[in-house]
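The values are calculated or read from the model by the stated rules, or taken from the named source; none is laboratory data. Here the structure is a predicted model, which is why all the values come from computation and not from measurement. No Cβ is skipped: glycine too gets one built from the backbone with ideal geometry, and neighbour counts run over all protein chains shown. Accessible surface is based on the protein model in full, side chains and every heavy atom, while ligands, DNA and RNA are left aside. Shrake-Rupley method; radii C 1.70, N 1.55, O 1.52, S 1.80 Å.
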Amino acid sequence: MSVTVNGIDELKKLAGSDLGTSDWIEVTQQRIDTFADATGDHQWIHVDPERAKEGPFGAPIAHGYLTLSLFIPLFTELLDVQGVTTKVNYGLNKVRFPSPVKAGSRIRLVGRLAGVEDVPGGVQITVDGTIEIEGGTKPAAVLQSLSRFYA
């Protein structure tokens, strides 16, 4: 369920709040192959299902950066900021990939709005995110994301 705020002042009031959990999305082999085509990373552990079965993970796995890129669509399920003119990704403070995402797995995001600080013309938010794998014991990714919202 998405939290909706109207404007920067309401966003500031959410600092320190849990944002909840997104819906599950499937990471299909087709999505992995499309990402490989877009990035030029065609390593066999991602795009060769037959060879990957014999590899260290027993199946093809998503690129770590594919998993990371899915943060944005998952995050938009958690927080909707209205009443601003521009929303931009500003970067990441840290990212780790504790567990690979096998093709066909489902992932979701658990998010927390760790902080909101003023920047010229708007605010910068820090989001602590954990991308979970359905049925997994370790997360696919643990990250701290920075975004800016301008009035």
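Points worth noting:
- Residues that are closer than 13 Å to residue 19 by Cα and either assigned to a strand (DSSP E or B) or out of contact with any strand residue (DSSP E or B) (no Cβ under 6 Å at 6 or more places or on another chain) (or both), drawn from the range 76-99: 76, 77, 79, 80, 81
- Among the residues of the range 123-138, those that are more than 17 Å from the chain's Cα centre (by Cα), surrounded by fewer than 18 Cβ atoms within 10 Å (Cβ to Cβ) and either at positive phi or β-branched (Val, Ile, Thr) (or both) comprise 135, 137.
- Single unsatisfied condition, residue 107 versus (1) in contact (Cβ under 8 Å) with a residue 60 or more places away in the chain; (2) loosely packed, with under 13 Cβ neighbours inside 10 Å: (2)
- Criterion: under 26 Å from residue 4 (Cβ atoms) and open to solvent by less than 80 Å² (accessible area, probe 1.4 Å) - qualifying residue of 21, 85, 67, 76: 21
- 2 or more residues over 13 Å from the mean Cα position of the chain (by Cα): qualifying helices (runs of 4 or more DSSP H) within the range 1-73: 8-13, 29-39, 44-47, 49-53
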